[in-house]
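Reading through the structure tokens given below for one structure.
Just so it is clear, none of the values below were taken in a lab; they were calculated from the coordinates. All figures in this text were calculated on a predicted structure; none of them were measured in a lab. Neighbour counts are summed over all protein chains in view; Cβ atoms, including those assigned to glycine, are modelled from backbone coordinates with ideal geometry.
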């Protein structure tokens, strides 16, 4: 596993990692960045939800008869009930709210995996005997040159991957036509960090990342970003307390802050706004809507 976060997290938990690759697969027609995001997302979840000393694996095999390539990420972790398996790929909040206390991060995740796989003309499935018995996620992609996906077959808006075609990203100019605004992304889920970072940087923003609330406060104080994206459920210090401390820093009293949460509870919006956030969004986030809000807040802040 070459991804730094996955390798380090797996070593820290003393997980046994195995890989199995089909030598007959020499070329796959796919968007390399998106395929990496899909696999990193699944591997991050496998590592996160597997207890210390457990097993995680990645394998891909050819299916000549079905003209497909199957990528499977499996683990010996906490498993998923048959009832919850039906909900996994919908835009969702974490299936069991109690998990948020033990396993931080959730939101864009599997809904994004499903959307990006569909945009490749493929499919994703899950197998788990039940709670406590591990999980297998299999991403199946066409083995051959891709074909254009008709608009009426493309996934609908709201899963978080957003609805624009790739060329829209390429044509997007810098938001303010000058030095690119600096954003601080406070987020502890590595898959979300990778996806949101790629998207926002493609939109022309500079980005720094904090992986817990205390780091967000420290980096905001050091870097003075133009805007802060603040996840609420984070380790060490949650986003509410981090926002409160940032607002106590004289140079950052007016810096726009967008609060983002995967576990939307009644009163969360009011609590975040009262603490000092300018906007509140619940995951999964529409990235198109997010960039619109970012531009509005930065433009407003840049006015004399």
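A straight chain from residue 198 to residue 17 at 0.36 nm per residue would run longer than the Cα-Cα distance by 62.4 nm.
One chain, two ends: residue 221 and residue 26. Fully extended at 0.36 nm per residue, the span grows by 65.4 nm beyond their Cα-Cα distance. Cα centroid separation, region 120-138 to region 185-255: 32 Å. Modelled this way, with points 7 Å down the Cα-to-C-beta line, the labels at residue 86 and residue 126 are 1.3 nm from one another. A straight chain from residue 180 to residue 244 at 0.36 nm per residue would run longer than the Cα-Cα distance by 20.4 nm.
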